[in-house]
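The values are calculated or read from the model by the stated rules, or taken from the named source; none is laboratory data. Quick caveat: nothing in here was measured; it's all calculated off a predicted structure. No Cβ is skipped: glycine too gets one built from the backbone with ideal geometry, and neighbour counts run over all protein chains shown. Heavy atoms of the whole protein, side chains included, go into the accessibility calculation; ligands, DNA and RNA do not. Shrake-Rupley method; radii C 1.70, N 1.55, O 1.52, S 1.80 Å.
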Amino acid sequence: MSTVSSLFSLMHAGYVLAREGVISALPSDPLPPPARFMKKMAGTIRRRQATERKQSERLSIALNRLGPSWVKLGQFLATRPDVVGSEIARDLELLQDRMEPFPRDAAISQIEESLGRKIDDIFTEFSEPVAAASVAQVHRARRRSDGVDVAVKVIRPGVRSRFHHDLDTFYTAARLQEKYIPASRRLRPVAVADTLAQSAKIEMDLRLEAAAFSEMGENTADDPGFRVPHVDWELSGRDCLTMDWVDGVKMNNIDGIRAAGHDMVRLSQNLIQSFLRHTLRDGFFHADMHPGNLFVAPNGDIVAVDLGIAGRLGKKERRFLAEILYGFITRDYLRVAEVHFEAGYVPRHHDVASFAQAIRAIGEPIHGQSAETISMAKLLTLLFEVTELFDMETRPELLLLQKTMVVVEGVARTLDPHFNMWKTSEPVVGTWIRENLGPAGFISDAREGLHAGLSLMRQLPELSARTQKLSEEMAAMSENGLRLDDHTVERIGKAEARHSRWGHIALWVIAALGAIALFIR
Ligand SMILES: Nc1ncnc2c1ncn2[C@@H]1O[C@H](COP(=O)(O)OP(=O)(O)O)[C@@H](O)[C@H]1O
Ligand SMILES: [Mg+2]
(Lines give C-alpha, C1' and ligand atoms only; values in the text may rest on other atoms or scores of the structure.)
(Ligands and ions follow the chains in the order given, each with its own letter.)
Protein backbone atom coordinates (compact mmCIF):
# COMPACT_ATOMS: atom_id res chain seq x y z
CA MET A 1 0.00 0.00 0.00
CA SER A 2 2.76 2.40 0.95
CA THR A 3 4.45 1.66 -2.37
CA VAL A 4 1.31 2.72 -4.19
CA SER A 5 1.16 5.99 -2.31
CA SER A 6 4.88 6.47 -2.98
CA LEU A 7 4.27 5.99 -6.67
CA PHE A 8 1.58 8.63 -6.58
CA SER A 9 3.95 10.99 -4.78
CA LEU A 10 6.54 10.37 -7.47
CA MET A 11 4.03 11.12 -10.19
CA HIS A 12 3.02 14.27 -8.40
CA ALA A 13 6.70 15.24 -8.24
CA GLY A 14 7.06 14.53 -11.94
CA TYR A 15 4.03 16.71 -12.58
CA VAL A 16 5.38 19.63 -10.55
CA LEU A 17 8.78 19.34 -12.22
CA ALA A 18 7.11 19.32 -15.64
CA ARG A 19 4.87 22.24 -14.78
CA GLU A 20 7.76 24.39 -13.59
CA GLY A 21 9.57 23.61 -16.84
CA VAL A 22 12.39 21.60 -15.32
CA ILE A 23 11.85 18.58 -17.51
CA SER A 24 11.41 20.31 -20.84
CA ALA A 25 14.65 22.22 -20.20
CA LEU A 26 16.68 19.02 -20.07
CA PRO A 27 18.66 18.33 -23.23
CA SER A 28 16.86 16.07 -25.73
CA ASP A 29 19.59 14.45 -27.70
CA PRO A 30 20.63 11.68 -25.31
CA LEU A 31 17.02 10.55 -24.82
CA PRO A 32 15.58 7.50 -26.54
CA PRO A 33 12.57 8.33 -28.77
CA PRO A 34 9.78 7.35 -26.32
CA ALA A 35 11.27 9.52 -23.59
CA ARG A 36 11.74 12.34 -26.05
CA PHE A 37 8.06 12.14 -26.82
CA MET A 38 7.17 12.21 -23.15
CA LYS A 39 9.43 15.17 -22.63
CA LYS A 40 7.56 16.98 -25.38
CA MET A 41 4.35 16.22 -23.56
CA ALA A 42 5.85 17.63 -20.40
CA GLY A 43 6.46 20.81 -22.37
CA THR A 44 2.76 21.18 -23.01
CA ILE A 45 1.85 21.51 -19.35
CA ARG A 46 4.70 23.86 -18.53
CA ARG A 47 3.61 27.16 -17.03
CA ARG A 48 4.18 30.08 -19.29
CA GLN A 49 6.29 32.03 -16.74
CA ALA A 50 8.65 29.08 -16.41
CA THR A 51 10.18 29.62 -19.84
CA GLU A 52 11.65 32.95 -18.79
CA ARG A 53 13.52 31.49 -15.86
CA LYS A 54 16.93 29.86 -15.64
CA GLN A 55 17.01 26.11 -15.08
CA SER A 56 18.46 26.53 -11.58
CA GLU A 57 15.57 28.85 -10.68
CA ARG A 58 13.01 26.43 -12.06
CA LEU A 59 14.48 23.61 -10.01
CA SER A 60 14.44 25.80 -6.94
CA ILE A 61 10.80 26.78 -7.43
CA ALA A 62 9.70 23.22 -8.15
CA LEU A 63 11.47 21.75 -5.14
CA ASN A 64 10.22 24.46 -2.81
CA ARG A 65 6.72 23.75 -4.07
CA LEU A 66 7.18 20.05 -3.37
CA GLY A 67 8.14 20.78 0.22
CA PRO A 68 10.96 20.70 2.76
CA SER A 69 12.02 17.09 2.15
CA TRP A 70 12.50 17.73 -1.55
CA VAL A 71 14.53 20.83 -0.81
CA LYS A 72 16.69 18.66 1.44
CA LEU A 73 16.94 16.05 -1.29
CA GLY A 74 18.00 18.75 -3.75
CA GLN A 75 20.63 20.15 -1.40
CA PHE A 76 21.90 16.70 -0.73
CA LEU A 77 22.15 15.77 -4.41
CA ALA A 78 24.00 19.03 -5.04
CA THR A 79 26.87 17.44 -3.12
CA ARG A 80 26.75 14.30 -5.25
CA PRO A 81 27.74 15.14 -8.83
CA ASP A 82 28.79 11.50 -9.07
CA VAL A 83 25.10 10.61 -8.86
CA VAL A 84 23.24 13.34 -10.75
CA GLY A 85 25.95 14.60 -13.08
CA SER A 86 27.84 17.86 -12.67
CA GLU A 87 25.35 20.03 -14.54
CA ILE A 88 22.36 19.20 -12.37
CA ALA A 89 24.56 19.36 -9.29
CA ARG A 90 25.59 22.90 -10.21
CA ASP A 91 21.97 23.95 -10.68
CA LEU A 92 21.08 22.40 -7.35
CA GLU A 93 23.90 24.24 -5.64
CA LEU A 94 22.04 27.45 -6.37
CA LEU A 95 18.99 26.10 -4.58
CA GLN A 96 17.91 28.66 -2.02
CA ASP A 97 16.79 27.11 1.20
CA ARG A 98 14.52 29.98 2.20
CA MET A 99 10.90 29.37 3.15
CA GLU A 100 8.03 31.35 4.54
CA PRO A 101 8.53 31.63 8.29
CA PHE A 102 6.02 29.90 10.53
CA PRO A 103 4.23 32.02 13.16
CA ARG A 104 6.00 33.09 16.34
CA ASP A 105 3.26 31.40 18.40
CA ALA A 106 3.95 28.05 16.75
CA ALA A 107 7.63 28.45 17.56
CA ILE A 108 6.78 29.20 21.17
CA SER A 109 4.63 26.05 21.45
CA GLN A 110 7.47 24.00 19.97
CA ILE A 111 9.88 25.38 22.57
CA GLU A 112 7.52 24.95 25.49
CA GLU A 113 6.80 21.38 24.50
CA SER A 114 10.43 20.52 23.88
CA LEU A 115 11.67 21.98 27.17
CA GLY A 116 8.58 21.43 29.31
CA ARG A 117 8.72 25.03 30.51
CA LYS A 118 6.75 28.21 29.89
CA ILE A 119 8.31 30.72 27.53
CA ASP A 120 7.96 33.56 30.07
CA ASP A 121 9.96 31.56 32.61
CA ILE A 122 12.88 31.30 30.19
CA PHE A 123 12.98 34.48 28.15
CA THR A 124 12.05 38.09 28.84
CA GLU A 125 11.92 38.86 25.13
CA PHE A 126 11.26 36.68 22.10
CA SER A 127 11.39 38.18 18.60
CA GLU A 128 9.58 37.46 15.35
CA PRO A 129 11.62 35.03 13.20
CA VAL A 130 14.85 36.57 11.87
CA ALA A 131 15.43 33.85 9.24
CA ALA A 132 13.47 30.82 8.05
CA ALA A 133 14.47 27.76 6.05
CA SER A 134 12.97 24.38 5.23
CA VAL A 135 13.89 22.64 8.46
CA ALA A 136 14.08 25.39 11.06
CA GLN A 137 13.90 29.10 11.78
CA VAL A 138 15.77 31.41 14.14
CA HIS A 139 14.48 33.92 16.71
CA ARG A 140 16.34 36.40 18.84
CA ALA A 141 15.57 36.26 22.56
CA ARG A 142 16.77 37.54 25.92
CA ARG A 143 17.49 34.94 28.58
CA ARG A 144 15.69 35.61 31.85
CA SER A 145 18.40 34.19 34.11
CA ASP A 146 21.19 36.59 33.08
CA GLY A 147 19.70 39.04 30.57
CA VAL A 148 22.03 37.82 27.81
CA ASP A 149 20.87 37.86 24.18
CA VAL A 150 20.57 34.46 22.56
CA ALA A 151 19.61 32.93 19.22
CA VAL A 152 16.93 30.24 19.36
CA LYS A 153 16.69 27.87 16.44
CA VAL A 154 13.31 26.11 16.27
CA ILE A 155 12.35 23.10 14.15
CA ARG A 156 9.49 23.68 11.69
CA PRO A 157 6.37 21.98 13.11
CA GLY A 158 5.60 18.63 11.51
CA VAL A 159 8.73 18.59 9.40
CA ARG A 160 9.98 15.27 10.80
CA SER A 161 6.85 13.27 10.16
CA ARG A 162 6.55 14.78 6.73
CA PHE A 163 10.10 13.84 5.98
CA HIS A 164 9.46 10.25 7.06
CA HIS A 165 6.63 10.03 4.60
CA ASP A 166 8.64 11.56 1.77
CA LEU A 167 11.57 9.33 2.56
CA ASP A 168 9.38 6.33 1.72
CA THR A 169 8.88 7.89 -1.66
CA PHE A 170 12.61 8.41 -2.20
CA TYR A 171 13.31 4.80 -1.22
CA THR A 172 10.69 3.55 -3.64
CA ALA A 173 12.31 5.54 -6.44
CA ALA A 174 15.74 4.22 -5.50
CA ARG A 175 14.54 0.61 -5.42
CA LEU A 176 12.82 0.97 -8.77
CA GLN A 177 16.02 2.33 -10.24
CA GLU A 178 18.11 -0.51 -8.87
CA LYS A 179 15.62 -3.02 -10.15
CA TYR A 180 14.99 -1.72 -13.65
CA ILE A 181 18.11 0.23 -14.52
CA PRO A 182 21.08 -2.07 -14.01
CA ALA A 183 23.56 0.66 -14.96
CA SER A 184 22.44 2.71 -11.98
CA ARG A 185 23.41 -0.01 -9.51
CA ARG A 186 27.01 1.06 -9.48
CA LEU A 187 25.84 4.32 -7.90
CA ARG A 188 23.87 2.41 -5.29
CA PRO A 189 20.74 4.61 -5.19
CA VAL A 190 19.39 2.88 -2.10
CA ALA A 191 22.63 3.58 -0.26
CA VAL A 192 22.37 7.21 -1.42
CA ALA A 193 18.86 7.35 0.09
CA ASP A 194 20.30 5.86 3.30
CA THR A 195 22.88 8.63 3.48
CA LEU A 196 20.22 11.26 2.86
CA ALA A 197 18.04 9.76 5.60
CA GLN A 198 20.95 9.78 7.99
CA SER A 199 22.02 13.37 7.33
CA ALA A 200 18.43 14.62 7.47
CA LYS A 201 17.85 12.82 10.76
CA ILE A 202 20.84 14.66 12.18
CA GLU A 203 19.66 17.99 10.83
CA MET A 204 16.19 17.49 12.25
CA ASP A 205 17.38 16.79 15.77
CA LEU A 206 18.81 20.00 17.14
CA ARG A 207 20.49 18.22 20.06
CA LEU A 208 22.93 16.88 17.49
CA GLU A 209 23.61 20.31 16.07
CA ALA A 210 24.15 21.49 19.64
CA ALA A 211 26.64 18.66 20.12
CA ALA A 212 28.46 19.69 16.94
CA PHE A 213 28.75 23.27 18.24
CA SER A 214 30.05 21.96 21.51
CA GLU A 215 32.61 19.65 19.89
CA MET A 216 33.89 22.31 17.53
CA GLY A 217 33.95 24.79 20.43
CA GLU A 218 36.24 22.45 22.37
CA ASN A 219 38.46 21.76 19.37
CA THR A 220 38.96 25.45 18.66
CA ALA A 221 39.04 26.78 22.23
CA ASP A 222 42.72 27.82 22.00
CA ASP A 223 42.75 28.80 18.33
CA PRO A 224 43.22 32.39 17.28
CA GLY A 225 40.52 34.20 15.33
CA PHE A 226 37.83 31.55 15.06
CA ARG A 227 35.00 30.46 17.30
CA VAL A 228 31.47 29.11 17.38
CA PRO A 229 28.66 30.33 19.66
CA HIS A 230 28.34 28.73 23.05
CA VAL A 231 25.39 26.34 23.45
CA ASP A 232 22.96 26.64 26.34
CA TRP A 233 22.20 22.96 26.93
CA GLU A 234 19.58 23.70 29.55
CA LEU A 235 17.50 25.57 26.98
CA SER A 236 18.08 23.15 24.13
CA GLY A 237 16.26 20.01 23.10
CA ARG A 238 15.33 18.07 20.04
CA ASP A 239 13.17 20.89 18.66
CA CYS A 240 15.03 23.96 19.84
CA LEU A 241 18.60 25.08 20.17
CA THR A 242 19.62 28.07 22.27
CA MET A 243 23.06 29.64 21.82
CA ASP A 244 24.81 32.97 22.27
CA TRP A 245 23.64 35.65 19.90
CA VAL A 246 26.45 36.55 17.52
CA ASP A 247 26.98 40.27 17.02
CA GLY A 248 28.86 41.06 13.89
CA VAL A 249 28.79 41.53 10.15
CA LYS A 250 27.95 38.63 7.86
CA MET A 251 30.61 37.57 5.42
CA ASN A 252 28.27 38.10 2.49
CA ASN A 253 28.28 41.79 3.35
CA ILE A 254 31.71 42.73 2.05
CA ASP A 255 31.02 46.46 2.16
CA GLY A 256 29.89 46.12 5.75
CA ILE A 257 33.08 44.31 6.71
CA ARG A 258 35.18 46.94 5.05
CA ALA A 259 33.19 49.71 6.68
CA ALA A 260 33.81 48.12 10.07
CA GLY A 261 37.53 48.49 9.37
CA HIS A 262 38.48 44.82 9.35
CA ASP A 263 41.68 43.59 7.72
CA MET A 264 40.37 41.71 4.66
CA VAL A 265 43.65 39.97 3.91
CA ARG A 266 43.98 38.65 7.43
CA LEU A 267 40.35 37.55 7.43
CA SER A 268 40.79 35.49 4.28
CA GLN A 269 43.93 33.83 5.66
CA ASN A 270 42.25 33.21 8.95
CA LEU A 271 39.26 31.60 7.23
CA ILE A 272 41.35 29.17 5.15
CA GLN A 273 43.73 28.30 7.95
CA SER A 274 40.89 27.69 10.38
CA PHE A 275 39.14 25.43 7.92
CA LEU A 276 42.31 23.44 7.21
CA ARG A 277 43.06 23.15 10.91
CA HIS A 278 39.61 21.74 11.57
CA THR A 279 40.02 19.35 8.68
CA LEU A 280 43.56 18.10 9.23
CA ARG A 281 44.06 18.47 12.95
CA ASP A 282 40.55 17.73 14.23
CA GLY A 283 39.10 15.66 11.40
CA PHE A 284 35.86 17.56 12.02
CA PHE A 285 34.86 20.41 9.75
CA HIS A 286 31.92 22.73 9.16
CA ALA A 287 30.45 21.54 5.87
CA ASP A 288 28.15 24.50 5.14
CA MET A 289 30.60 27.40 5.16
CA HIS A 290 28.75 29.73 2.84
CA PRO A 291 29.12 33.40 3.70
CA GLY A 292 25.59 33.57 5.13
CA ASN A 293 26.69 31.28 7.93
CA LEU A 294 29.84 33.21 8.83
CA PHE A 295 30.07 36.36 10.91
CA VAL A 296 32.95 38.73 11.56
CA ALA A 297 32.80 39.75 15.21
CA PRO A 298 33.75 43.29 16.28
CA ASN A 299 37.18 42.04 17.44
CA GLY A 300 37.82 40.46 14.01
CA ASP A 301 37.12 36.86 15.00
CA ILE A 302 35.28 34.68 12.52
CA VAL A 303 32.20 33.15 14.12
CA ALA A 304 30.47 30.25 12.36
CA VAL A 305 26.82 29.27 12.85
CA ASP A 306 24.63 26.55 11.33
CA LEU A 307 26.40 23.29 12.12
CA GLY A 308 23.60 21.03 10.88
CA ILE A 309 26.02 19.58 8.34
CA ALA A 310 29.51 18.71 9.48
CA GLY A 311 32.07 16.45 7.87
CA ARG A 312 34.42 13.97 9.48
CA LEU A 313 37.70 12.63 8.20
CA GLY A 314 39.43 9.70 9.86
CA LYS A 315 43.17 9.67 10.41
CA LYS A 316 43.63 7.72 7.20
CA GLU A 317 41.73 10.25 5.09
CA ARG A 318 43.57 13.15 6.69
CA ARG A 319 46.90 11.56 5.99
CA PHE A 320 45.79 10.90 2.45
CA LEU A 321 44.75 14.52 1.99
CA ALA A 322 47.92 15.98 3.48
CA GLU A 323 50.18 13.76 1.41
CA ILE A 324 48.30 14.65 -1.74
CA LEU A 325 48.48 18.38 -1.15
CA TYR A 326 52.11 18.08 -0.24
CA GLY A 327 52.85 15.89 -3.25
CA PHE A 328 51.33 18.47 -5.56
CA ILE A 329 53.25 21.29 -3.91
CA THR A 330 56.55 19.43 -4.36
CA ARG A 331 55.49 18.04 -7.73
CA ASP A 332 56.01 14.50 -6.47
CA TYR A 333 53.28 12.92 -8.61
CA LEU A 334 54.45 9.41 -8.04
CA ARG A 335 54.02 9.92 -4.34
CA VAL A 336 50.53 11.30 -4.91
CA ALA A 337 49.77 8.19 -6.93
CA GLU A 338 51.25 5.83 -4.35
CA VAL A 339 49.19 7.37 -1.59
CA HIS A 340 46.05 6.32 -3.44
CA PHE A 341 47.24 2.73 -3.57
CA GLU A 342 48.45 2.72 0.02
CA ALA A 343 45.08 3.96 1.21
CA GLY A 344 43.47 1.16 -0.78
CA TYR A 345 41.34 3.62 -2.72
CA VAL A 346 42.59 2.47 -6.11
CA PRO A 347 42.60 -1.24 -6.99
CA ARG A 348 46.03 -2.85 -7.05
CA HIS A 349 45.78 -4.02 -10.62
CA HIS A 350 46.36 -0.49 -11.89
CA ASP A 351 49.83 0.65 -12.76
CA VAL A 352 51.24 3.24 -10.35
CA ALA A 353 53.34 4.93 -12.99
CA SER A 354 50.44 5.39 -15.41
CA PHE A 355 48.37 6.74 -12.58
CA ALA A 356 51.17 9.13 -11.63
CA GLN A 357 51.27 10.25 -15.23
CA ALA A 358 47.58 11.13 -15.18
CA ILE A 359 48.09 13.03 -11.94
CA ARG A 360 51.01 14.88 -13.44
CA ALA A 361 48.63 16.03 -16.17
CA ILE A 362 46.70 17.83 -13.44
CA GLY A 363 49.64 19.09 -11.43
CA GLU A 364 51.88 20.55 -14.11
CA PRO A 365 49.41 23.01 -15.63
CA ILE A 366 48.65 24.26 -12.13
CA HIS A 367 52.34 24.86 -11.46
CA GLY A 368 52.45 26.99 -14.56
CA GLN A 369 49.84 29.34 -13.13
CA SER A 370 50.51 32.34 -11.00
CA ALA A 371 50.16 31.58 -7.31
CA GLU A 372 47.14 33.81 -7.02
CA THR A 373 45.02 31.80 -9.38
CA ILE A 374 45.91 28.39 -8.00
CA SER A 375 42.93 26.79 -6.36
CA MET A 376 43.13 23.86 -3.99
CA ALA A 377 39.46 23.18 -4.56
CA LYS A 378 39.96 23.03 -8.31
CA LEU A 379 42.91 20.75 -7.82
CA LEU A 380 40.88 18.33 -5.74
CA THR A 381 38.02 18.50 -8.22
CA LEU A 382 40.32 17.57 -11.09
CA LEU A 383 42.00 14.93 -8.99
CA PHE A 384 38.74 13.18 -8.22
CA GLU A 385 37.87 13.25 -11.89
CA VAL A 386 41.09 11.48 -12.75
CA THR A 387 40.93 9.03 -9.88
CA GLU A 388 37.55 7.95 -11.14
CA LEU A 389 39.24 6.85 -14.35
CA PHE A 390 41.30 4.50 -12.27
CA ASP A 391 38.26 3.04 -10.52
CA MET A 392 38.76 4.90 -7.30
CA GLU A 393 35.69 4.26 -5.20
CA THR A 394 33.63 7.32 -4.33
CA ARG A 395 34.57 8.65 -0.92
CA PRO A 396 31.59 10.74 0.21
CA GLU A 397 33.54 12.35 3.06
CA LEU A 398 36.27 13.54 0.69
CA LEU A 399 33.67 14.71 -1.78
CA LEU A 400 32.00 16.74 0.96
CA LEU A 401 35.37 18.22 1.85
CA GLN A 402 36.09 19.16 -1.75
CA LYS A 403 32.64 20.77 -2.11
CA THR A 404 33.18 22.75 1.07
CA MET A 405 36.62 23.79 -0.03
CA VAL A 406 35.17 25.26 -3.22
CA VAL A 407 32.89 27.40 -1.07
CA VAL A 408 35.51 28.40 1.49
CA GLU A 409 38.04 29.33 -1.16
CA GLY A 410 35.38 31.37 -2.93
CA VAL A 411 34.69 33.32 0.26
CA ALA A 412 38.43 33.87 0.82
CA ARG A 413 38.76 35.24 -2.69
CA THR A 414 35.89 37.67 -2.31
CA LEU A 415 37.61 39.00 0.79
CA ASP A 416 41.02 39.21 -0.86
CA PRO A 417 41.17 38.97 -4.66
CA HIS A 418 44.96 38.41 -4.50
CA PHE A 419 44.60 35.57 -2.08
CA ASN A 420 47.35 32.92 -2.46
CA MET A 421 46.11 29.47 -1.57
CA TRP A 422 49.47 27.74 -1.32
CA LYS A 423 51.14 30.36 0.82
CA THR A 424 48.12 30.59 3.08
CA SER A 425 47.69 26.87 3.58
CA GLU A 426 51.38 26.06 3.99
CA PRO A 427 51.67 26.83 7.73
CA VAL A 428 48.80 24.49 8.58
CA VAL A 429 49.47 21.71 6.07
CA GLY A 430 53.25 21.87 6.64
CA THR A 431 52.96 21.75 10.42
CA TRP A 432 50.57 18.86 10.31
CA ILE A 433 52.82 16.88 8.02
CA ARG A 434 55.93 17.61 10.06
CA GLU A 435 54.20 16.44 13.19
CA ASN A 436 52.41 13.47 11.70
CA LEU A 437 54.31 12.07 8.76
CA GLY A 438 57.89 11.02 8.30
CA PRO A 439 61.00 12.12 10.17
CA ALA A 440 60.80 15.71 11.29
CA GLY A 441 62.95 18.06 9.30
CA PHE A 442 62.95 15.95 6.17
CA ILE A 443 59.85 17.59 4.93
CA SER A 444 60.98 21.12 5.57
CA ASP A 445 64.15 20.39 3.63
CA ALA A 446 62.17 18.95 0.80
CA ARG A 447 60.13 22.10 0.69
CA GLU A 448 63.23 24.05 -0.27
CA GLY A 449 63.09 22.23 -3.55
CA LEU A 450 62.79 18.73 -4.82
CA HIS A 451 66.52 18.21 -5.31
CA ALA A 452 67.49 19.28 -1.85
CA GLY A 453 64.81 16.93 -0.60
CA LEU A 454 66.06 14.05 -2.67
CA SER A 455 69.65 14.40 -1.62
CA LEU A 456 68.61 14.47 2.01
CA MET A 457 66.42 11.44 1.54
CA ARG A 458 69.33 9.50 0.12
CA GLN A 459 71.08 9.90 3.42
CA LEU A 460 68.26 8.26 5.29
CA PRO A 461 68.56 4.50 4.88
CA GLU A 462 64.94 3.78 5.63
CA LEU A 463 63.85 6.09 2.90
CA SER A 464 66.44 5.24 0.32
CA ALA A 465 64.47 2.57 -1.53
CA ARG A 466 61.56 4.92 -2.03
CA THR A 467 63.88 7.73 -3.01
CA GLN A 468 65.70 5.64 -5.54
CA LYS A 469 62.46 4.71 -7.21
CA LEU A 470 61.26 8.25 -7.02
CA SER A 471 64.33 9.73 -8.64
CA GLU A 472 64.29 7.12 -11.39
CA GLU A 473 60.71 7.97 -12.13
CA MET A 474 61.42 11.63 -12.09
CA ALA A 475 64.28 11.14 -14.51
CA ALA A 476 62.13 9.04 -16.80
CA MET A 477 59.35 11.55 -16.72
CA SER A 478 61.54 14.51 -17.38
CA GLU A 479 63.03 12.69 -20.37
CA ASN A 480 59.81 11.45 -21.85
CA GLY A 481 57.70 14.40 -20.92
CA LEU A 482 54.00 13.93 -20.54
CA ARG A 483 52.74 11.21 -22.80
CA LEU A 484 49.51 9.45 -22.14
CA ASP A 485 50.07 5.82 -23.01
CA ASP A 486 47.44 3.80 -24.87
CA HIS A 487 46.21 2.20 -21.70
CA THR A 488 45.42 5.56 -20.11
CA VAL A 489 43.76 6.94 -23.20
CA GLU A 490 41.59 3.88 -23.41
CA ARG A 491 40.53 4.27 -19.79
CA ILE A 492 39.62 7.90 -20.31
CA GLY A 493 37.45 6.93 -23.24
CA LYS A 494 35.71 4.23 -21.28
CA ALA A 495 35.02 6.45 -18.31
CA GLU A 496 33.56 9.15 -20.50
CA ALA A 497 31.25 6.68 -22.11
CA ARG A 498 30.19 5.45 -18.70
CA HIS A 499 29.59 9.00 -17.55
CA SER A 500 27.38 10.07 -20.35
CA ARG A 501 25.53 6.79 -20.36
CA TRP A 502 24.49 7.44 -16.77
CA GLY A 503 23.58 11.02 -17.68
CA HIS A 504 21.21 9.67 -20.31
CA ILE A 505 19.58 7.30 -17.90
CA ALA A 506 19.01 10.01 -15.32
CA LEU A 507 17.34 12.18 -17.92
CA TRP A 508 15.31 9.30 -19.13
CA VAL A 509 13.96 8.53 -15.67
CA ILE A 510 13.04 12.12 -15.00
CA ALA A 511 11.35 12.50 -18.34
CA ALA A 512 9.43 9.28 -17.82
CA LEU A 513 8.24 10.39 -14.39
CA GLY A 514 6.91 13.62 -15.75
CA ALA A 515 5.16 11.87 -18.57
CA ILE A 516 3.59 9.25 -16.35
CA ALA A 517 2.23 12.03 -14.20
CA LEU A 518 0.75 13.59 -17.29
CA PHE A 519 -1.13 10.51 -18.36
CA ILE A 520 -2.39 9.80 -14.86
CA ARG A 521 -3.96 13.22 -14.74
N1 LIG B 1 23.91 32.48 17.09
C2 LIG B 1 23.39 33.32 16.19
N3 LIG B 1 23.54 34.64 16.33
C4 LIG B 1 23.00 35.51 15.44
N5 LIG B 1 22.31 35.13 14.35
C6 LIG B 1 22.14 33.82 14.15
C7 LIG B 1 22.66 32.85 15.04
N8 LIG B 1 22.33 31.62 14.59
C9 LIG B 1 21.64 31.83 13.45
N10 LIG B 1 21.51 33.14 13.18
C11 LIG B 1 20.82 33.76 12.04
O12 LIG B 1 19.80 32.90 11.57
C13 LIG B 1 20.06 32.49 10.24
C14 LIG B 1 19.63 31.03 10.04
O15 LIG B 1 20.31 30.20 10.94
P16 LIG B 1 21.03 28.90 10.46
O17 LIG B 1 21.55 28.19 11.65
O18 LIG B 1 22.01 29.27 9.40
O19 LIG B 1 19.83 28.09 9.88
P20 LIG B 1 19.57 27.44 8.45
O21 LIG B 1 19.98 26.02 8.61
O22 LIG B 1 18.12 27.61 8.30
O23 LIG B 1 20.40 28.17 7.45
C24 LIG B 1 21.55 32.70 10.08
O25 LIG B 1 21.90 32.89 8.75
C26 LIG B 1 21.78 33.93 10.90
O27 LIG B 1 21.42 35.09 10.21
MG1 LIG C 1 22.33 28.89 7.38
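Of these, A210, A197, A174, which one is surrounded by 21 or more Cβ atoms within 10 Å (Cβ to Cβ) and modelled with pLDDT of 85 or more?
A210
So, of the residues in the range 248-300 that are surrounded by fewer than 16 Cβ atoms within 10 Å (Cβ to Cβ) and acidic (D, E), which turns out to be nearest to D97 (Cα to Cα)?
By that ranking, first place goes to D255.
Note down all Cβ pairs under 8 Å where the first residue falls in the range 224-240 and is among the hydroxyl-bearing types (S, T, Y), the second is open to solvent by 20 Å² or more (accessible area, probe 1.4 Å), and they're at least six residues apart or on different chains.
Every condition considered, the pairs that remain are S236/R207.
Are any of the residues in the range 384-405 assigned to a helix (DSSP H, G or I), in contact (Cβ under 8 Å) with a residue 40 or more places away in the chain, of a type in the set (S, T, N, Q) and in contact with a helix residue (DSSP H, G or I) (Cβ under 7 Å, 6 or more places away or on another chain)?
yes
Tally up the residues in the range 117-135 that are of a type in the set (D, E) and away from ligand 1 (no atom under 16 Å from the Cβ), please.
So the count comes out to 2.
Going through Q96, Q49, Q75 one at a time, which residue ends up being among the polar types (S, T, N, Q), open to solvent by 30 Å² or more (accessible area, probe 1.4 Å), within 15 Å of ligand 1 (Cβ to nearest atom) and part of a helix (DSSP H, G or I)?
One residue alone meets the criteria, Q75.
For the condition in contact with a Ser or Thr (Cβ under 9 Å, 6 or more places away or on another chain) and either within 16 Å of ligand 1 (Cβ to nearest atom) or modelled with pLDDT of 95 or more (or both), what is the one hit in D301, D282?
Testing whether each residue is in contact with a Ser or Thr (Cβ under 9 Å, 6 or more places away or on another chain) and either within 16 Å of ligand 1 (Cβ to nearest atom) or modelled with pLDDT of 95 or more (or both) leaves just D282.
Which of the residues that make up the range 216-247 are open to solvent by less than 20 Å² (accessible area, probe 1.4 Å) and farther than 19 Å from K153 by Cα?
T220, G225, F226
Pick out the one residue from S114, S86 that is within 33 Å of the chain's Cα centre (by Cα), away from ligand 1 (no atom under 12 Å from the Cβ) and in contact (Cβ under 8 Å) with a residue 12 or more places away in the chain.
Unique residue meeting the criteria: S114.
Which residues, counting only those in the range 120-135, are open to solvent by 20 Å² or more (accessible area, probe 1.4 Å) and away from ligand 2 (no atom under 16 Å from the Cβ)?
D120, D121, T124, E125, F126, S127, E128
Quick check, is P189 touching a helix residue (DSSP H, G or I) at 6+ places or on another chain (Cβ under 6 Å) and either over 20 Å from D288 (Cα atoms) or open to solvent by less than 50 Å² (accessible area, probe 1.4 Å) (or both)?
Yes: the conditions hold for P189.
Return the pairs, sorted by first residue and then second, in which the second residue is in a loop (DSSP other than H, G, I, E, B) and open to solvent by less than 10 Å² (accessible area, probe 1.4 Å), the first residue lies in the range 327-345 and is assigned by TED's automatic domain parsing to the domain that holds E388, the beta carbons are less than 6 Å apart, and the residues are 6+ apart or on different chains.
H340/V346
Return a yes/no flag: does the range 302-318 have any residue that is free of Cβ contacts under 8 Å to residues at least 60 places away in the same chain, open to solvent by 40 Å² or more (accessible area, probe 1.4 Å) and closer than 25 Å to P417 by Cα.
no
Counting only residues that are under 24 Å from V71 (Cβ atoms), more than 16 Å from ligand 2 (Cβ to nearest atom) and touching a residue at least 60 places away in the same chain (Cβ under 8 Å), how many does the range 136-164 have?
Number satisfying all stated conditions: 2.
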